[in-house]
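Q: Mind having a look at this structure? Questions to follow.
The values are calculated or read from the model by the stated rules, or taken from the named source; none is laboratory data. Not measured: the values here are computed from a predicted model. So basically every Cβ, Gly included, is an ideal-geometry build from the backbone, and we count neighbours across all protein chains shown. When the accessible area is computed, the model is the full protein with side chains, heavy atoms only, and any ligands, DNA or RNA have been set aside. Shrake-Rupley method; radii C 1.70, N 1.55, O 1.52, S 1.80 Å.
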Amino acid sequence: MSRCLDAARGAIARCQMLATCSEEPGRTTRTFLSPPMRDVHDHLRTWMEACGMEVRLDAVGNLRGTIGQGPRLVIGSHLDTVRDAGAYDGVLGVVLGLALVELLEGHVPFTLEVVGCAEEEGVRFGVPFLGSRALVGTAAPLLDLADADGISVRQAIRSYGLDADQLEEARLDAAGYLEFHIEQGPVLEHLDAPLGVVDAIAGQSRLDLTFTGQANHAGTTPMPLRRDALAAAAEWMLLVEHAAHTTSGLMATVGQLHATPNIRNVINGRVVASLDVRHAADEVRRAAVDHLCAGAHAIGRRRGVAVDIARHLDQPAVAMAPALTGILAEAIAATGLTVHHLTSGAGHDAMIVAPQMPAAMLFLRSPGGISHHPDERVLVEDVAAALEVGLQFLHRWDPRHA
Ligand SMILES: [Zn+2]
């Protein structure tokens, strides 16, 4: 359908334009309620209003455009990014919701709300999903978290001109939630498929382990007397890698290391290491986390290095709603494409929303499997296919059966 192809080109151009709204010149970095987020909101508001949507910012800074009447279907994703991000993670899902409203020329037989979530990546406050948690009423406990500059979520909201005390009004009352998102992995590309239906989102644990030994002179401290925090962390990292290699479906990553003093001729006295563990089965994930924590303590004891563990996130695996997922599969089949089902290894706003309302996700192929990187891409044909599927989905969605 050439209308969808044109709309796809437009959506890609919008994503690329919004990617220039950044905290860092020359690359895309846009965290929770940062100044460039205001530019993104302004652009989206203009486009949404131009196609007849009513637009507001809720109390956490989610941008919400609404059109139509009656039972509510939400199409949402997030507008924040990781550091040095690509142009499509999150933003594409919001832009595609808007593109569908444009393709329908505002003729929606129910209420369609397009939501651009304020925060999903967890970059600024270390805890993800601020935006979608506000949609389901679970964001309040996060208001006192502070960013690297000591600014709390509550203060960031106030500085943006919003009121954290009004958080309840951000609550979403909808009969369904649909999220378009790039796959951020290589599975669809390997299947030579533009689109895939997400059946479930893997559970996720995030921890920080602090290894505390003794900083000392690299030339004068005998090897047996050292309490090298970085060497302890390194030994533990190999345990992490080994556990993931030997447990089917387990993903475990140490993505961040802060060594102190991190100087060429000094033994490191302190290392903070992040740990990210994911699996489709919660019991497997939790057992792995326990194993890796016990392993860190054992390594620390042997090396005279103290280990402190902070558990920041224990996000259970979340199934998408079979009824909605079924409609999505029908919609894909109606466009003549093969229906592929997959588990998402990445967390998404749909995962936060799903316990409270029927939710579904459509993945778009990520060329090269690349995401969270400036080389992140989408193919225009895939985006057009997603729009065709989106139209088919909207045509089939019935709130009474959702
Ligand atoms: Zn995302």
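Q: With angles folded into 0 to 90 degrees, how steeply does helix 2-18 sit against the dominant principal axis of the chain? Use alpha carbons for both and round to 10.
A: 40
Q: With no solvent and one equal point scatterer placed on each C-alpha of region 351-402, evaluate the Debye formula and give log10 I(q)/I(0) for q = 0.14, 0.21, 0.22, 0.27 Å⁻¹, two decimals.
A: -0.54, -0.91, -0.93, -1.04
Q: Can you list the residues, at least 5 places off or on another chain, whose amide H is less than 5 Å from the amide H of residue 193, using H built in the peptide plane?
A: none
Q: Determine the per residue accessible area of the chain with all protein chains present and a 1.4 angstrom probe, expressed in square angstrom.
A: Heavy-atom accessible area per residue stands at 42 Å².
Q: A further question follows. If you put +1 on each Lys and Arg Cβ and -1 on each Asp and Glu Cβ, how big is the dipole of the chain around its Cα centre, in Debye rounded to 20?
A: 1140
Q: Next up: Rounded to two decimals, what ratio of Rg to Rh does region 203-315 give with C-alpha atoms and a Kirkwood Rh?
A: We get a ratio of 1.02 for region 203-315.
Q: While we're looking at this one, here's another question. Sort 2, 248, 344, 371 from largest to smallest accessible area, using a 1.4 Å probe on the heavy atoms of the protein chains.
A: Largest to smallest exposure gives the sequence 248, 2, 371, 344.
Q: I've got another one for you. Probe radius 1.4 Å, ligands and nucleic acids ignored: give me the carbon and sulfur share of the accessible area of region 203-315 as a rounded percent.
A: 54
Q: Would you mind checking the tilt of helix 380-396 against the longest principal axis of the Cα atoms of the chain, expressed as 0 to 90 degrees and rounded to 10?
A: Around 60 degrees separate the two axes.
Q: For the Cα atoms of the chain, what angle does the longest principal axis make with the long axis of helix 229-245, in degrees from 0 to 90, nearest 10?
A: Between the helix axis and the principal axis of the chain, the angle is about 50 degrees.
Q: Comparing 225, 104, 178, which has the greatest mean-square fluctuation in the GNM of the chain with Cα pairs linked when under 10 Å apart?
A: Ranking 225, 104, 178 by mean-square fluctuation puts 225 first.
Q: Could you give the alpha-carbon Rg of the chain over 2.2 N^0.38 Å, rounded to two decimals?
A: That works out to 1.05 for the chain.
Q: Another question, if that's okay. Would you calculate, for the chain, the mean residue ellipticity at 222 nm contributed by helices, counting each DSSP H stretch of 4 or more residues as -39,500 (n - 2.57) and dividing by all residues, to the nearest 500?
A: The helix contribution divided over the chain gives -11000 deg cm²/dmol.
Q: On to the next question. Antiparallel versus total DSSP beta bridges in region 1-139: what percent is that, nearest 5?
A: Of those bridges, close to 60 percent are antiparallel.
Q: So for region 48-157, what percent of the C-alpha to C-alpha distances run longer than 26 Å?
A: The proportion of pairs with Cα distances above 26 Å equals 23 percent.
Q: Apply the a/c threshold of 1.5 to the C-alpha gyration tensor of region 1-114 and tell me whether it is rounded, prolate or oblate.
A: Oblate is the answer for region 1-114, as a/c is 1.5 or above yet b/c matches or exceeds a/b.
Q: Step through the residues of region 101-111 one at a time and calculate ³J(HN,Hα) from phi using the Karplus curve (6.51 cos²θ - 1.76 cosθ + 1.60, θ = phi - 60°), rounding each to whole Hz and writing x for Gly and Pro.
A: These are the phi-based 3J(HN,Hα) values: 4, 5, 5, 7, 6, x, 8, 10, x, 7, 8 Hz.
Q: Residue 132: net charge of surrounding residues, Cβ under 11 Å, Lys/Arg +1, Asp/Glu -1, itself excluded?
A: Every neighbour counted, the sum reads -3.
Q: Suppose we keep just the DSSP beta bridges with both residues in the chain; what percent of those would be antiparallel, to 5?
A: DSSP beta bridges in the chain are roughly 70 percent antiparallel.
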